């Protein structure tokens, strides 16, 4: 396999994400973790079995994770949003994600989408983080990091995570009445 094309506008330490549908269909995203979010440049490259080529997406900002489905759909976690392309000839479109259930108002910004894993068309997982304000009786409100895990497709039980519990007891299944 040849080296990916020049990363052009990317500078410094770069993190990579890779999705290989086959030996002749590989996608690579790269992003600069130590640059401010609004200064990160998008980078996607595709390997067709012979050579790498940079792909223009029109997606703003750093591209953090890439994944796909057996049918050819491709997903990109791009920080501010999740994007999907149905096929190589289709345009990238933002994927709407549901509102947060356990936080009415993030303290700063919305959910930062950083990871996507598509197992199949009906089994897609998306991870994100956000900041919330928590009451602190000693110092007033404090900011804390919270996580969001989205899933669509095959139904699964609702999970609840109680951060006050030790890790081995924190996660539980919410039984429906």
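Per-structure values
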{"quantity": "Residue order, fewest to most beta carbons within 10 Å, for 34, 47", "calculated": "34, 47"}
{"quantity": "Highest-fluctuation residue, 56, 127, 86 considered, GNM on the chain with Cα pairs under 10 Å", "calculated": "56"}
{"quantity": "Residue of 95, 132, 142 that the Gaussian network model of the chain assigns the largest fluctuation, springs spanning Cα pairs under 10 Å", "calculated": "142"}
{"quantity": "Residues 84, 138 arranged by fewest to most Cβ contacts within 10 Å", "calculated": "138, 84"}
{"quantity": "Relative contact order [Cα under 8 Å, 6+ residues apart], the chain, whole percent", "calculated": "13 percent"}
{"quantity": "GNM top mover of 159, 134, 16 - the chain, alpha-carbon springs below 10 Å", "calculated": "159"}
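FYI, it's all coordinate maths here, none of it is from the lab. It should be emphasised that the depicted structure is a prediction, and the values quoted were computed from it without experimental measurement. Cβ coordinates were reconstructed from backbone atoms using ideal geometry, including for glycine residues, and neighbour counts include every protein chain displayed.
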